[in-house]
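The values are calculated or read from the model by the stated rules, or taken from the named source; none is laboratory data. For clarity, every value in this text was computed on a predicted model and none was experimentally measured. Cβ atoms come from the backbone with ideal geometry, glycine included; neighbour counts cover every protein chain shown. Note: accessible area is taken over every heavy atom of the protein model, side chains too, but ligands, DNA and RNA are not part of it. Shrake-Rupley method; radii C 1.70, N 1.55, O 1.52, S 1.80 Å.
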Amino acid sequence: VNPVDTLLNGFGVEKDARGNAKASTELGGYKTSAAKVFAAGDVRRGQSLVVWAIREGRQAAREGDAFLMGATTLPR
């Protein structure tokens, strides 16, 4: 559990009870408590199936693109 503690501490990201990055998946999601820092996959969920990490990675990329560009054409 929580293999990325130094990474999260380095960015000042708030953690959940299990020590993973606290980030919502709601609209405009995957944002952490640190400005301009997004988290997905194992960093957000902890160790899980690779298909979850792939799915979250794609969704987080879409949210990051929308955040940076103001809009996105990436699939959800």
- prompt: Given 0.36 nm per residue, what is the gain on full extension from L49 to A35 after removing their alpha carbon distance, in nm?
  reply: 2.3 nm
query: Rounded to the nearest 0.05, what FRET efficiency is calculated for M69 and L27 with R0 set to 22 Å and r the Cβ-Cβ distance?
result: 0.85
For the chain: accessible area per residue (Å², 1.4 Å): 67
statement: So the carbon and sulfur contribution to the accessible area of the chain, 1.4 Å probe, in percent, is 57
field: D_trans [Stokes-Einstein, Kirkwood Rh over alpha-carbon pairs] for the chain, 37 °C, 0.692 mPa s, µm² s⁻¹
entry: 262
Cα long-axis angle, helix 50-69 against the chain (0 to 90 degrees, to the nearest 10): 60
- prompt: How large is the charge dipole for the stretch 10-54, taken about the Cα centre, if only the Cβ atoms of Lys, Arg (+1) and Asp, Glu (-1) carry charge, to the nearest 20 debye?
  reply: 60
